[in-house]
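One structure below.
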Amino acid sequence: MEKQVPHPKSQIAVLVSGHGRGSNFQAIVEAVESGPGPAHVRLLVSANAECGAVERAGSHGIETLVLSPKQFDSELAFDEAIAEAIASRGIELVCLAGYMRKLTPEFIRQFRNRIMNIHPALLPAFGGQGMYGLRVHEAVIESGAKFSGATVHFVDEEYDHGPIIAQAIVSVADDDTPQTLADRVLRAEHRIYPEAIALFAKGRLSVNGRRVRVNP
Ligand code: GAR
């Protein structure tokens with residue numbers, strides 16, 4: 001009888017910065033660590049010791065590297081330290097989850113189509129420099145849009161710009177505040193980010209120009 005050879009799990013690193021809650025990190029960990037999924041969260045890299053993800057990683061026994069940009073002479077040196085940590089652990093996918101720093105072109109080149117980001121709106125609308133957190137939802141409400149949502153995309157050299165992997169739509173209610181809309185979008189984020197990671201880990205994503213195909 002033919003024996004099934006177990007496929008090694010894709011090793012993932014999650015990058016966070018700022019004062020994020022780490023709720024996407026938590027959603028990723030819970031989804032990928034439950035059952036025989038195709039991925040494993042190997043490393044958390046945080047640009048800030050105080051953020052929620054660091055505490056959450058501790059309680060899940062996930063290796064955590066806190067690197068302060070202040071310890072480095074340049075953005076390039078900072079990103080090189082992260083790249084070295086990732087490459088030396090055989091990590092295949094880097095997931096930004098509330099990582100508000102712009103990655104250097106060198107880092108992006110090294111991990112092209114292997115870095116994902118989650119954004120709390122339907123890109124290509126309501127993205128770009130300065131568009132993060134509640135500002136995004138304020139802009140959506142001000143625009144009068146009836147729908148918003150979440151986008152998972154590969155990262156390229158421009159803010160919130162790389163090829164789109166997955167999106168989820170949520171309604172904008174007449175009485176929404178930026179916070180109520182953010183809460184609704186966040187629930188969608190927690191659903192689609194682990195889904196996109198699983199597709200990557202199963203080798204089902206291919207990128208052609210700006211289009212990402214989900215292969216059967
Ligand atoms: C998430 O809403 C994510 O979409 C957003 O930061 C939040 C982090 O929350 N990212 C951006 O705005 C990137 N442009 P979390 O720490 O609870 O995961």
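The values are calculated or read from the model by the stated rules, or taken from the named source; none is laboratory data. Every value quoted in this text rests on a predicted model; they were computed, and no experiment measured them. All Cβ positions, glycine included, derive from the backbone under ideal geometry; neighbour counts span all protein chains shown. Side chains included, ligands, DNA and RNA excluded: accessible areas come from the protein's heavy atoms. Shrake-Rupley method; radii C 1.70, N 1.55, O 1.52, S 1.80 Å.
Here are a few things to note about the model shown:
- Any hit, the stretch 101-111, residues being within 23 Å of ASP156 (Cβ to Cβ), among the hydrophobic types (A, V, I, L, M, F, W, C), touching a residue at least 60 places away in the same chain (Cβ under 8 Å) and out of contact with any Leu (no Cβ under 6 Å at 6 or more places or on another chain): no
- Taken across the stretch 131-140, residues that are open to solvent by 10 Å² or more (accessible area, probe 1.4 Å), of a type in the set (Val, Ile, Thr) and closer than 30 Å to THR177 by Cα do not occur at all.
- Among the conditions (1) in contact (Cβ under 8 Å) with a residue 40 or more places away in the chain; (2) assigned to a loop (DSSP other than H, G, I, E, B); (3) open to solvent by less than 40 Å² (accessible area, probe 1.4 Å), ASP176 misses just one, which is (1).
- Residue match in the stretch 59-76 (condition: touching a residue at least 24 places away in the same chain (Cβ under 8 Å) and under 22 Å from GLU189 (Cβ atoms)): yes
- For the stretch 85-129, taking the residues that are at positive phi and within 16 Å of the ligand (Cβ to nearest atom), the one that is most open to solvent (accessible area, probe 1.4 Å) is identified as PHE126.
- Every residue from the stretch 122-152 that is modelled with pLDDT of 95 or more and among the polar types (S, T, N, Q): SER143, SER148, THR151
- Hits in the stretch 161-211 (condition: β-branched (Val, Ile, Thr) and either under 16 Å from the mean Cα position of the chain (by Cα) or under 20 Å from ILE91 (Cα atoms) (or both)): ILE164, ILE165, VAL185, ILE192, ILE197, VAL207
- Any chance GLN179 is closer than 30 Å to GLU75 by Cβ and either polar (S, T, N, Q) or touching an Asp or Glu at 6+ places or on another chain (Cβ under 9 Å) (or both): no
- Just one of the listed residues (GLU157, GLU142, GLU189) is among the acidic types (Asp, Glu) and within 13 Å of the ligand (Cβ to nearest atom), namely GLU189.
- For the stretch 71-84, a residue qualifies if it is of a type in the set (D, E, K, R), open to solvent by 30 Å² or more (accessible area, probe 1.4 Å) and either in contact with a helix residue (DSSP H, G or I) (Cβ under 9 Å, 6 or more places away or on another chain) or within 21 Å of ILE28 (Cβ to Cβ) (or both), and the qualifying residues are GLU75, GLU80.
- All conditions but one from (1) modelled with pLDDT of 95 or more; (2) of a type outside the set (Ser, Thr, Tyr); (3) more than 30 Å from LEU76 (Cβ to Cβ) apply to VAL155; the one that does not is (3).
- With respect to the conditions (1) free of Cβ contacts under 8 Å to residues at least 60 places away in the same chain; (2) touching a Gly at 6+ places or on another chain (Cβ under 8 Å), GLY133 falls short on a single one, namely (2).
Conditions (1) touching a Lys or Arg at 6+ places or on another chain (Cβ under 9 Å); (2) in a loop (DSSP other than H, G, I, E, B), marked per residue:
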residue: VAL94; (1), (2): yes, no
residue: GLU106; (1), (2): no, no
residue: ILE118; (1), (2): no, no
residue: ALA125; (1), (2): no, yes
residue: SER148; (1), (2): yes, no
